[in-house]
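Q: The structure under discussion is supplied below as structure tokens; questions concerning it will follow.
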Amino acid sequence: MTRHRLATLDDVPETGSKAFDVDGRSVLVCRSSAGVFAIENMCSHAYALLEGGKVKGPYIFCPLHGIRFNMRDGTPNGTLTKKPIAVYETELIGDEIYADIPND
Ligand code: FES
């Protein structure tokens, strides 16, 4: 596990998401009224990119089929998949966004 500085708040829409490459892994940073989250940028259903999906509170909605994932623990809602997405421990220091990303 390595802590990475991903972005500043200005790099990510106030309610939305932006993907960043971390050693070949696509990490999606999301901002909403619930805070700042760093999550895997891939849906566990049919592997669509989550970037651009609607973000509301602690949830992101997959742009392809609309599954809602909880960005706090990665759990999906509904019946299309039971498989969670990866979520990363995220910390905001000043206006800089950090996350702990696995090394594998
Ligand atoms: S690919 Fe995300 S809900 Fe189907």
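Q: Given the structure, is P76 in contact with a Phe, Trp or Tyr (Cβ under 6 Å, 6 or more places away or on another chain), closer than 23 Å to P102 by Cβ, surrounded by fewer than 20 Cβ atoms within 10 Å (Cβ to Cβ) and not hydrophobic (A, V, I, L, M, F, W, C)?
A: In short, yes.
Q: Moving on to the next point. Within the set of pairs 6+ apart or on separate chains, which have a first residue in segment 87-104 that is in a strand (DSSP E or B), a second that is among the small types (G, A, S), and C-beta atoms under 6 Å apart?
A: From residues that are in a strand (DSSP E or B), the pairs are V87/G74; Y88/A38; Y88/A99; T90/A38; T90/A99; I97/A7; A99/A38.
Q: Find the residue count for segment 53-62, including only residues that are part of a loop (DSSP other than H, G, I, E, B) and surrounded by 15 or more Cβ atoms within 10 Å (Cβ to Cβ).
A: Qualifying residue count for the region: 4.
Q: Same structure, new question: Restricting to segment 54-69, name every residue that is within 15 Å of the ligand (Cβ to nearest atom) and more than 10 Å from the chain's Cα centre (by Cα).
A: K54, F61, C62, P63, L64, H65, G66, I67, R68
Q: Can you name the residue in segment 35-52 that is away from the ligand (no atom under 15 Å from the Cβ) and within 8 Å of the chain's Cα centre (by Cα) and, of all such residues, is surrounded by the fewest Cβ atoms within 10 Å (Cβ to Cβ)?
A: The qualifying residue surrounded by the fewest Cβ atoms within 10 Å (Cβ to Cβ) is F37.
Q: Check whether at least one residue in segment 14-21 is at pLDDT 95 or above, over 20 Å from E96 (Cα atoms) and either of a type in the set (A, V, I, L, M) or in contact with a strand residue (DSSP E or B) (Cβ under 9 Å, 6 or more places away or on another chain) (or both), and report yes or no.
A: Scanning segment 14-21 turns up no residue that is at pLDDT 95 or above, over 20 Å from E96 (Cα atoms) and either of a type in the set (A, V, I, L, M) or in contact with a strand residue (DSSP E or B) (Cβ under 9 Å, 6 or more places away or on another chain) (or both).
Q: Also: Can S26 be described as exposed (fewer than 15 other Cβ atoms within 10 Å of the Cβ), within 16 Å of the ligand (Cβ to nearest atom) and on the phi < 0 side of the Ramachandran plot?
A: The answer is yes for S26.
The values are calculated or read from the model by the stated rules, or taken from the named source; none is laboratory data. Model, not experiment: these values are computed from the prediction. Backbone-built Cβ (ideal geometry, glycine too); neighbour counts: all protein chains shown.
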